[in-house]
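Take a look at the structure below.
The values are calculated or read from the model by the stated rules, or taken from the named source; none is laboratory data. None of the values given here were measured: they were computed from a predicted structure. With ideal geometry, Cβ positions are generated from the backbone for all residues, glycine too; neighbour counts draw on all protein chains shown.
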Amino acid sequence: MLRPERTVPESLPGMGSSGKAVSGPVRMCLVCRRRFRKRELLRFTAGEDGRLAADPDQTLPGRGVYCCHGRGCLEGFFRRPGRIARALRLGAVDVSGCSGLEKYQVVP
Ligand SMILES: [Zn+2]
């Protein structure tokens, strides 16, 4: 029942030294503008009332904004409501009322 080892992993992300071959959806961190695989990022959405909501399962409908796990990025994220609003195509967002943040274990 032995299968020959494949030399090219199909499911593993291509995080080789080139850093270019990344599989799966890729999104950009709102703060540092670096690109990451979507699953590695923190996703946020906002409702029509502009209230930001953490989306740890990345399943909420609508546009999302993403922030990487960099400490400076998370802090900077909440200082950039204008950038968040633009990314979400909203007039304004309420970052202070962000729900679900405890799932990310961060405090703005
Ligand atoms: Zn970042």
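What the table shows:
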item	result
Residue match in segment 81-89 (condition: exposed (fewer than 15 other Cβ atoms within 10 Å of the Cβ) and either modelled with pLDDT under 90 or over 18 Å from Arg33 (Cβ atoms) (or both))	yes
Selection within segment 18-31 - surrounded by 15 or more Cβ atoms within 10 Å (Cβ to Cβ) and either away from the ligand (no atom under 16 Å from the Cβ) or modelled with pLDDT of 95 or more (or both)	Arg27, Met28, Cys29, Leu30, Val31
Residues satisfying the stated conditions in segment 64-107, i.e. part of a loop (DSSP other than H, G, I, E, B) and under 16 Å from the mean Cα position of the chain (by Cα)	Gly64, Cys68, His69, Gly70, Phe78, Arg80, Leu88, Gly100, Gln105, Val106
Subset of segment 49-84 [charged (D, E, K, R) and more than 10 Å from the ligand (Cβ to nearest atom)]	Asp49, Arg51, Asp55, Asp57, Arg63, Glu75, Arg79, Arg80, Arg83
